[in-house]
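Input: a single structure, listed below in structure tokens.
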Amino acid sequence: MASNGEGTLSELPRQGRLLGIDYGTVRIGLAISDPSQTIASPLEIYKPRNPDLDAKYFKELVKLERIVGIIVGLPVHLNGRDSHVSVAAEEFAKWLAMLTELPVIHFDERFTTAFAEEIIREAGLTRAKKKQVLDKLAAQILLGTYLESSRNQESFAKRNLAD
């Protein structure tokens, strides 16, 4: 399994908890799957501090939650081209892969934050509450979308084998 942060969907284990990350330079939204990779739940928002504290945090999180793979959202432009944030997210994914020695993949997150903002707007949350939930909700949407696409890909492969 590659762990360089440049993976494909098939590189992550099919069982065990996955960590979904909505990367940002100010806040990092985190979500986690159940061991069967069926449900994505928001976890928390992490605010990066410095490389040593960040490394300690992510190592402990991976160990505590028994994470087997990581999905980092890649915020690309609507036309599919990299954004300035996507370059930083790719570097973060590479760093995480080296730090945790787990498979880390990128996953298109083009609409996750917009979808999370719409949910929050409909819920009528205050500005302060919005900041508390936006990034982890975006991470949950990202991870849930990955889980769904992974199931669809697996189902498609099984149907093709049966033909």
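Please verify whether residue 102 is farther than 18 Å from residue 145 by Cβ, in contact (Cβ under 8 Å) with a residue 60 or more places away in the chain and not charged (D, E, K, R), treating the condition exactly as stated. So residue 102 passes the test.
Quick check: is even one residue across the range 16-31 over 12 Å from the mean Cα position of the chain (by Cα), modelled with pLDDT of 95 or more and more than 23 Å from residue 135 (Cβ to Cβ)? Yes: one or more hits. Selection of first residues in the range 138-160 that are closer than 21 Å to residue 43 by Cβ and polar (S, T, N, Q) and of second residues that are at pLDDT below 75 and in a helix (DSSP H, G or I), restricted to Cβ pairs under 8 Å at least 6 apart or on distinct chains, gives the following pairs, ordered by first then second residue: 145/112; 149/9; 150/9.
Taking each residue of the range 57-79 that is at pLDDT below 90 and looking for partners that are surrounded by 21 or more Cβ atoms within 10 Å (Cβ to Cβ) and part of a strand (DSSP E or B) with beta-carbon atoms closer than 9 Å, six or more apart or interchain, yields 75/22. Can you find a residue in the range 39-56 that is β-branched (Val, Ile, Thr), within 16 Å of residue 145 (Cβ to Cβ), modelled with pLDDT of 95 or more and over 12 Å from the mean Cα position of the chain (by Cα)? The answer is yes, given that some residue of the range 39-56 is β-branched (Val, Ile, Thr), within 16 Å of residue 145 (Cβ to Cβ), modelled with pLDDT of 95 or more and over 12 Å from the mean Cα position of the chain (by Cα).
The values are calculated or read from the model by the stated rules, or taken from the named source; none is laboratory data. Quick caveat, the model's predicted, so the values are computed rather than measured. Glycine also receives a Cβ, built like all others from the backbone with ideal geometry; neighbour counts cover every protein chain displayed.
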